[in-house]
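Right, one structure below, let's go through it.
Any read-out appearing in this document is the output of simple, stated calculations on the displayed coordinates, not a laboratory observation. Keep in mind it's a predicted model, so treat the numbers as computed, not measured. Neighbour counts run over all protein chains shown; Cβ positions are idealised from the backbone, glycine included.
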Amino acid sequence: MKKKTHPKWYPKAKIICACGNVIETGSTVPEMHVEICSACHPLYTGKHKLVDVAGRVDKFKAKLEAAKKIKAEKKAKKKEKKKAKK
């Protein structure tokens, strides 16, 4: 192998999860921070929970509510037009 080609190897690198779980593994960086791991992921734990990263669930719910409002407004306008024609 050529010298100075490969990055430094850390045999006891730490992966730190947002839930507090710490995993030791080999890596090219000494420490990593992750949002979800096997100790808190719903697939592995069997517990269903929403994992909201950067407010994605809230954004989706807001879009859904806005769409319902628009649909209701369109329906009301159609009813008004039908009443006006009679």
(request) Only bridges with both residues in the chain count here: give the DSSP antiparallel percent, nearest 5. (result) 55 percent
(request) Counting helices only, and only those DSSP H runs with n ≥ 4, report the 222 nm mean residue ellipticity of the chain as the sum of -39,500 (n - 2.57) divided by its residues, in deg cm²/dmol to the nearest 500. (result) -13500 deg cm²/dmol
(request) Calculate one ³J(HN,Hα) per residue across the stretch 55-62 by plugging θ = phi - 60° into the Karplus curve 6.51 cos²θ - 1.76 cosθ + 1.60, and present them in order as whole Hz with x for glycine and proline. (result) x, 4, 5, 4, 4, 5, 5, 5
(request) Return one quarter of the surface area of the convex hull spanned by the alpha-carbon atoms of the stretch 1-51, equal to its mean projected area, in nm². (result) 4.6 nm²
(message) Contact order normalised by length for the chain, with contacts defined as Cα pairs under 8 Å and 6 or more residues apart; what percent is it?
(response) 17 percent
(request) For residue 29 and residue 8, compute 0.36 nm times the residue count separating them, minus their Cα-Cα distance, and round to one decimal in nm. (result) 6.8 nm
(message) With both bridge residues required to lie in the stretch 1-51, what share of the DSSP beta bridges run antiparallel, to the nearest 5%?
(response) 55 percent
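Evaluated at 10 °C with a viscosity of 1.306 mPa s, what Stokes-Einstein diffusion coefficient in µm²/s does the chain have when Rh comes from the Kirkwood expression over alpha-carbon pairs?
It comes out at roughly 88 µm²/s.
If you place +1 on the Cβ of every Lys and Arg and -1 on the Cβ of every Asp and Glu, how big does the dipole about the Cα centre of the chain come out, in debye to the nearest 20?
For the chain, the charge dipole is close to 1460 debye.
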(request) Take 75, 85 and order them by how many other Cβ atoms sit within 10 Å, fewest up front. (result) 85, 75
